[in-house]
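The values are calculated or read from the model by the stated rules, or taken from the named source; none is laboratory data. Computed from a prediction, not measured in an experiment: that's the story for all the values here. All Cβ positions, glycine included, derive from the backbone under ideal geometry; neighbour counts span all protein chains shown. The accessibility values were calculated without ligands, DNA or RNA, using every heavy atom of the protein model including side chains. Shrake-Rupley method; radii C 1.70, N 1.55, O 1.52, S 1.80 Å.
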Amino acid sequence: MSVTFVATVCGIITAGGYGVGDWLTAKASKKTNKFDVNLAVQFFGTLILLPFLLTTHVRVPSFAQIGITLIISCCITTAYLLLIKALSIGSVGTVVPLSYGYPLPALLLSLIFLGTRFSGAQLVAMFCIIAGAIMLAYQKNQRQIPLRKLHEASLLAIISMLVYGVDFFLVGTLITKLPWQILDVSVSLFLAMTAFILVLVSNRRNRLSAIKRALTNKTTFYAGISFSVGSIVFYVGSHRAGNIIIPTVLSSCAPLVASLLGATFDKEKIGILKRIGAVVVVTGIIILNVA
């Protein structure tokens with residue numbers, strides 16, 4: 001079984017976990033404070049990951065690795081909060097695909113600074129997948145959202161995408177240096193601690209009730225599970241492949257899942273350009289595995 005095929009399968013499963021998580025996040029963000037959503041997702045995600053430490057020899061990262069891990073968690077927190085804010089303003093079908101353009105900056109940074117190399121056909125395939133994901137961003141303003149808010153949501157989603165790109169690039173610098181369990185759990189612990197601090201700071205008068213409210217939300221509980229499944233498979237696939245690029249690019253297929261769920265349960269229509277984008281994504285996946 002080829003490394004590329006394993007990385008592709010892991011990337012697709014990651015896309016499923018992330019897509020479901022983003023759709024659930026969108027539902028929660030309409031009714032729940034963004035800091036509460038972030039806390040619930042990170043807390044439940046960390047609980048699910050902790051048992052995986054039993055499957056590896058516990059190894060304390062170096063100070064430099066801890067520093068990079070801390071930066072990664074700050075990037076993820078910032079990007080996720082921006083995404084939640086964007087989802088609270090715009091529609092899932094527009095915001096999620098824009099934010100999932102992150103493989104492009106991650107790929108460019110990895111090619112420049114990490115010396116990652118792929119064949120010409122593989123690069124074409126990956127750019128096809130990214131282009132297809134971006135095409136999925138087009139959607140008519142069916143909810144009659146004011147143009148100013150649409151632009152605001154799109155801008156937040158794009159900034160989120162760039163921050164996520166830096167995050168995945170930094171993960172790539174550690175993916176072969178630490179067991180995936182240590183790396184994933186370390187990032188998750190930092191994320192959970194940051195989430196708790198943000199909730200405490202933003203709810204100075206009713207901190208306990210805010211924490212209770214966040215941790216008893218069923219929607220964010222399931223979102224945390226979905227993101228954790230995607231995260232685990234992502235780190236496993238990246239560690240096996242020796243780099244994060246293929247799983248990262250394939251994870252950008254998550255908008256397909258989020259858009260389908262939005263169309264099925266939220267009555268968001270899938271236009272012709274979205275359908276073409278889906279075909280382009282699938283074509284890119286096929287080329288990637290036969291190149």
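Considered as a group, the residues in the stretch 221-252 that are open to solvent by 10 Å² or more (accessible area, probe 1.4 Å) and not in a helix (DSSP H, G or I) include one that is nearest to Leu191 (Cα to Cα), and that residue is Asn243. Of the residues contained in the stretch 42-57, one or more are found to be within 15 Å of the chain's Cα centre (by Cα) and within 21 Å of Thr219 (Cβ to Cβ). When each of Ser154, Ser188, Ser209 is tested for being in a helix (DSSP H, G or I) and either buried (at least 22 other Cβ atoms within 10 Å of the Cβ) or among the acidic types (Asp, Glu) (or both), the lone residue that passes is Ser188.
Which residue is surrounded by the fewest Cβ atoms within 10 Å (Cβ to Cβ), if the candidates are limited to the stretch 4-57 and must be basic (Lys, Arg) and outside any helix (DSSP H, G or I)?
Lys30
Candidates are the residues of the stretch 227-263 that are among the hydroxyl-bearing types (Ser, Thr, Tyr) and under 12 Å from the mean Cα position of the chain (by Cα); the one that is nearest to Val41 (Cα to Cα) is Ser228.
A Cβ distance below 7 Å, combined with a sequence gap of six or more or placement on separate chains, defines the contacts here; from the stretch 235-251, residues that are in contact (Cβ under 8 Å) with a residue 60 or more places away in the chain reach residues that are open to solvent by less than 10 Å² (accessible area, probe 1.4 Å) and not in a helix (DSSP H, G or I) in the pairs Ser238/Ile175; Ser238/Ile244; His239/Ile175; Asn243/Ile175; Ile244/Ile175.
For the stretch 132-143, the criterion of being at pLDDT 85 or above, of a type outside the set (Ser, Thr, Tyr) and surrounded by fewer than 18 Cβ atoms within 10 Å (Cβ to Cβ) is met by none of the residues.
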